[in-house]
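Coordinate-derived values only; no laboratory data. Given the structure is predicted, the values throughout are model-derived calculations rather than measurements. Note that we place each Cβ from the backbone using ideal geometry, even for glycine, and neighbour counts take in every protein chain shown.
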């Protein structure tokens, strides 16, 4: 391309003889010389004509130069913009590629972590004492611990010894009749407290007291039958027995032989009423029934108000899912006194609100259409109608259904990133400063022994004593029912727990065994579970800010609330009792029983409305209450303890530092006064003074203290008993069925500890409540003895009222039905006991001018983990079996 000067010359036909200087043009020569001679020489002669001389106009040149500068500036700007855009694009591309490489690396790292976790599960067991199943653990000793319940070999040894005693004349349970001598129950007889403490506190220097068994025998093969309790020992090879006590025959809990004889009576009466049952109950009958039109029956207590009575109301239910919710409104009163079953009979019949003396009277009224019999037709489900009593899943409107082939989402799970922090050795458990032993008493329930925190004994024994239920209803079995569930298997009805439902997936398990109404010990695998849980809340925490500058941050401190849970679930008839001992890291213990299971239903009619709301179109239930009693034997810095009661009261206090009328009411010229709360400290002297009945108008904090042992600040050390589930006994003192539950009158009753006052109730309480002689008469425990500086026991009662509603079917939920109390340090420590934990988290500003970057302290506890929970097998096999045949 020709340059600007060449182009200019090509388009210039003439040039001026004079030189003109144009302004400099960037990218060309500084000056443009117009040479006239060169112009003349290039013009030739042409057609022989003289060439006309042309003059040059410099203004046009300047105009062209100005135009070219503008064009050049525009193109330069466009070039700069394009260059900037290219640079930006290149940078963006580089960032995108970098992000892709980073994302690919992060995804690769995540995948590698996941694969690593799948190959490397979280630590499982630091030693053999942490295996999930008892069958996998290796105990440190083959000898049972001091408070360990009878082992299966010990039960077999006691049974064999008793059968070898010809004077007892024992019969196998599966061959017995009510007129036979049989073993009803075998369990550990705990040693007296004094030698037990001598052994526990000697470090092995003092030998343990000998292990002994308590045996309950039904001696029906006598002219005057009776129940006897024996002490059998020493274990594991018993050589002698002594009689502990004798109990009236009619006071005993029924065994299988008695139930079989009762069933024969019921069968005979049902045979006489077969036509009546078939026509009244849609083909359902008891005698000679064919499934699915079969009935079954349950019984109630008490069985009389005097020891010469033994009469039981039984009620019929349809034999199908949730049969407790399917009664038919027919009940028999069975008289089964004595040991001769041929004398037993049905002496009364209740049908649809009407009472009949016998089967003949009912049959006559039923066949006579003019008798005025209030007839009942059993309602049967319509086609497609759901079984309201079934435990199977039913579609609902509250949650989205899984769509297509998608599986329902699983809930959360906890795991142990550093392995288990507790260990189990036979029945002894240790956890983060806590040590104790756990056992299950077949005649009572779950209990823990020798509870220590930081090596110091807090409690000698915490044991469930009784679960009492009283109902109200429109039928005999419900209106008269006063159940004491120790007689119904409260301690012997523990069964295998379901992993992931009854207990978390990461729980460990203990087995239990019971010898009740059988010929061999019955082993219940995986019936107690143990696990550490994160409660999902802080044990303590505080966020500090400047009040003058809202939202400012000074410091945060907190610690997670980890706790160890010991759980056992026992099912007595329709009720499931889920007992938890929860050990927190600040020295506190929560003891609770959560209730679930079926309501005992009754056919719905006008009278039922006084006791229940409808559970279904034709079913109601009965209003009831639950009372549970616990034995709490605290030993605070020794056995010489006292009760302290801190009553919270109100006082009117003068304010001499205030101006009249400014800070409170004034009376003339008197100083202003204020009304405020204050404490009144009391050390009760006697058992009656120390026992607290329910009264919201007199709030009081009860603690067990050692008057001779003080903390750093001079305050007697103690533990508070905090009752969360307070209930009041509504029955009058004169009501006979409630007399066996005299402990229910108190929120906390305190008595002097005696080895012969070992329990507040017994398996005999249900048959004839409050009728002497009772082996355990709680009313006699409070007899004016001093409770200052002596070994004392606290009998703690928790409870709740239960009103049946439609949500009670099919089964009641445990939420809102947790009956609990706490044992809490009360000046026991010099400060909070959870300040030494490594799991404390503290955050504070690193720069008080820029507080957005806090310093984070965790005291060495890891906060990131790359492991997954181990899949420890704890299958539900329903593997209860007789250990010895």
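Here is how the numbers come out for the structure above:
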read-out	value
Estimated inter-spin distance, residue 343 and residue 695, nm [label 7 Å along Cα→Cβ]	5.0
Ranked list, fewest to most other Cβ atoms within 10 Å of each Cβ, for 73, 822, 743	73, 822, 743
Ascending count of other beta-carbon atoms within 10 Å, so fewest first, for 537, 567	537, 567
Peptide ranges 762-775, 408-421, 744-757 listed from the most packed, as the mean C-beta count within 10 angstrom indicates	762-775, 744-757, 408-421
Relative contact order computed over segment 379-455 (Cα-Cα under 8 Å; 6+ residues apart), in percent	15
DSSP bridge orientation in segment 256-367 - percent antiparallel, rounded to nearest 5	95
Prolate/oblate/rounded call for segment 770-829, Cα gyration tensor, a/c under 1.5 rounded	oblate
Sequence ranges 306-314, 595-603, 422-430, ranked by mean other-Cβ count within 10 angstrom, highest first	595-603, 422-430, 306-314
Cα centroid separation - segment 749-826 against segment 596-624, whole Å	28
Contact order relative to length of segment 150-252, as percent, for alpha carbon pairs under 8 angstrom and 6 or more apart	24
Packing-based ranking, highest mean first, of 494-502, 329-337, 350-358 given that Cβ atoms within 10 Å are counted	329-337, 494-502, 350-358
Residue order, fewest to most surrounding Cβ atoms within 10 angstrom, among 836, 561	836, 561
